[in-house]
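The values are calculated or read from the model by the stated rules, or taken from the named source; none is laboratory data. Since the structure is predicted, the reported quantities are computational estimates derived from the model, not experimental observations. We place every Cβ from the backbone using ideal geometry, glycine too, and count neighbours over all the protein chains shown. These accessible areas exclude ligands, DNA and RNA; they are computed on the full protein's heavy atoms, side chains included. Shrake-Rupley method; radii C 1.70, N 1.55, O 1.52, S 1.80 Å.
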Amino acid sequence: MILKSLLISSFLFAGIALGQVSVNEAELGKSLGGWKQRAGRAAEYPLSGTTYRTYRPEVTPTPDGGIFISLRIDHVRGWLSSDDHAMLEITVDEKGTIISAQSSIAIQGRSVTSDLIRSGTDAGQELAGVDRAVQVGTDLIADISAKMLREKIVEAGRVSFPAALRHNYNLLFQAIRTEPVPPKPIIVNPLNLPGAPQPKSDPKAEPAASKKSKGLEIRSYGGPEKPELTPAKKD
């Protein structure tokens, strides 16, 4: 009896409540000054006396239910100079936690790429939520800054490029959203088990002939009629 009840319950509720991770592009764009550049595809903003441009993020779902976010950032250098470019890549799990991050900066044909910073190290496992995201961002910027220093990059806007990466990293983390997906009940009975709920019929769809007429007297065909009884006379 218990096994039958468990099977029936499994047939009734086949959905599972999972989390859905996404990036709120509207909020991210608002924090950067609005998606007003490049036909609504980018936002420009000043930072440390230099203008930077951030494009709308590219978001790809991962096999484990999370998302991979790629964010392009430009260092705007003016009409007579070519812009510098950077990429910020972040992997988020199904709970909205940043599990890895990496960045690269391209300056006049030279490329500086950080190590892949993971949050799954022994030290990172002791942190959770915001603290883990802060640790990943701190390690990422420290790594890319050290590599740029070895390249002897001294121009003002280029030296502050890691700070622009950190600025975008912080705002992107705040724009990550995790919403639960309600389970969808599925009513099925593939084994035709007794006691499983069956689809209810619509009483309005029943044919009119199936309803019994009120006040209809049924008599057997050719049978004797009921005799009339008269009271007996007293002597």
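Given region 20-99, what strands (runs of 3 or more DSSP E) lie entirely inside it while holding 2 or more residues that are touching a His at 6+ places or on another chain (Cβ under 8 Å) and crowded, with 17+ Cβ neighbours inside 10 Å?
50-55, 67-76, 84-92
Answer with yes or no whether Ser111 is assigned to a strand (DSSP E or B) and at pLDDT below 95. Please lay out each step first, then the result.
Details: assigned to a strand (DSSP E or B): yes; at pLDDT below 95: yes.
Yes: the conditions hold for Ser111.
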Worksheet, complete the sentence: Of the residues in region 18-47, those that are of a type in the set (D, E, K, R) and touching a residue at least 12 places away in the same chain (Cβ under 8 Å) come to Glu25, Glu27, Arg38, Arg41, Glu44
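Within region 175-189, restricting attention to residues that are of a type in the set (A, V, I, L, M, F, W, C) and at pLDDT 65 or above, which residue is farthest from Arg53 (Cα to Cα)?
Val181
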Item to complete: Report yes if some residue within region 161-174 is modelled with pLDDT of 95 or more and of a type in the set (D, E, K, R); otherwise report no.
Response: yes
Item to complete: Starting from region 142-159, keep only residues that are open to solvent by 70 Å² or more (accessible area, probe 1.4 Å), then list their pairs with residues that are among the aliphatic types (A, V, I, L, M) whose Cβ atoms are within a distance under 7 Å, requiring at least 6 positions of separation or different chains.
Response: Glu151/Val112; Val159/Ile153
